[in-house]
Amino acid sequence: KTFLLNCVYERAVSRGISAVRIEAFRAFEAMRRQHFSGENINNDFTSLLDVELLLIDDLGTEPLMRNITVEYLFLLLSERMTSGRHTFIATNLSSKQLQERYGDRVYSRLFDMRATAAIELTGKDLRRL
C-alpha cells in the first residue's frame, strides 16, 4: 500500500500536480497543533486542506484524541470533497474497523459512492518475504 501511494505521489508531482504524502500520525500532529493554536494562517493543517492531492498512509495508527482526531479528520475529508480535491488513503483497517474507530460521519465520507473507489489488497506482506 505504501509503495503504491509513493508511486501515485511521484507520478502526480512529475506531472506538475501539487501533492502531499503524509503518515497518519503526522497528519494527526498537524490536527493537534491546529486545535491548540486556534490559528488558520499558513499552518500544516491548512496545507492538508488546500493541496491538490493528499495521500495519507497508515490511517488508523494515529492516536485517538478526544475532540481532535475524529473531528479534524471529518473536517479534512469533508472540506476536500466539497472543494473537489482528491485524497488517497492507505490503511490496514477493514471498513467495519474504520466505522467503529471513526464513527458514521467519517465513514460516510470515506466510502461515499459518488467520490470513492475502495481497493482491497490481499496477499503476503512483501517486507516479510
Subject >> In order through the range 18-32: 3J(HN,Hα) via Karplus (6.51 cos²θ - 1.76 cosθ + 1.60), integer Hz, x for Gly, Pro >> reply: 6, 9, 10, 10, 9, 6, 4, 5, 5, 5, 4, 4, 5, 5, 4
Subject >> Centroid-to-centroid separation of the range 68-129 and the range 11-65 [C-alpha atoms, Å] >> reply: 14
Subject >> Under the Karplus curve 6.51 cos²θ - 1.76 cosθ + 1.60, θ = phi - 60°, whole-Hz ³J(HN,Hα) for the range 106-114, x wherever Gly or Pro sits >> reply: 5, 4, 5, 6, 5, 10, 5, 4, 7
**OP:** Find the all-direction average of the projected area of the Cα convex hull for the chain, expressing the result in square nanometres with one decimal place.
**Re:** 8.6
Subject >> Calculated Rg and Dmax of the range 11-71 using C-alpha coordinates, Å >> reply: 12.4, 39
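Each value in this text was obtained by applying a stated rule to the coordinates, not by laboratory testing. Everything quoted here is computed from the prediction, not taken from an experiment.
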